[in-house]
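The values are calculated or read from the model by the stated rules, or taken from the named source; none is laboratory data. Since this is a predicted model, take the numbers as computed values, not measurements. So basically every Cβ, Gly included, is an ideal-geometry build from the backbone, and we count neighbours across all protein chains shown. For the accessible areas, the whole protein counts, side chains as well, though only heavy atoms, and no ligand, DNA or RNA atoms are used. Shrake-Rupley method; radii C 1.70, N 1.55, O 1.52, S 1.80 Å.
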Amino acid sequence: MRDELEQKLMEDFPFMEAKSFFDGERLGYCVPCEFSDGWFDIIYNLCKEINELYKSKGRNINDLNIEQVKEKYGELRFYVGNYIDGVMEIIDKYEALSCKTCEVCGKEGKLTGKRWVRTLCDECCKV
């Protein structure tokens, strides 16, 4: 994902800032989103729902640890640690949505490919 989109995620959702594996110190950049820009809205809405869940429960979202955000087998993977009840259901919903959304442009898509699987729309599949 482009740097400016990752920056927007981190600005709107500070819990998306990368942290040191060793001491938890904030590193000043977003957890890398290892996929194309078409899934920006999915990741943004996922973060928004998680943020709202933490607020509704009166919990500190800074306790949430975002471990990795990537594409695997054509599907979004959002790995977290130290999360509260309800977070995995939100993640599952958006991971399933990614299987129907083009990773490149964000339009309706489908899983494509044999050796390297990606979720693409018909137009982006031709490129």
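Some values worked out for this structure:
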{"quantity": "Residue selected from region 93-105 under the condition open to solvent by 30 Å² or more (accessible area, probe 1.4 Å) and assigned to a loop (DSSP other than H, G, I, E, B), by the criterion nearest to Asn65 (Cα to Cα)", "calculated": "Cys99"}
{"quantity": "Residues (on the phi < 0 side of the Ramachandran plot and without any contact (Cβ under 8 Å) to a residue 12 or more places away in the chain) located in region 32-78", "calculated": "Glu52, Lys55, Ser56, Asn60, Lys72"}
{"quantity": "Condition check for Leu27: at negative phi, touching a strand residue (DSSP E or B) at 6+ places or on another chain (Cβ under 8 Å) and free of Cβ contacts under 8 Å to residues at least 12 places away in the same chain", "calculated": "yes"}
{"quantity": "Any hit, region 110-117, residues being charged (D, E, K, R) and closer than 30 Å to Phe22 by Cβ", "calculated": "no"}
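A quick yes/no check of all residues on (1) within 30 Å of Lys126 (Cβ to Cβ); (2) outside any helix (DSSP H, G or I); (3) modelled with pLDDT under 95:
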site	(1), (2), (3)
Glu4	yes, no, no
Ile42	yes, no, no
Tyr54	no, no, no
Tyr79	no, yes, no
Ile91	no, no, no
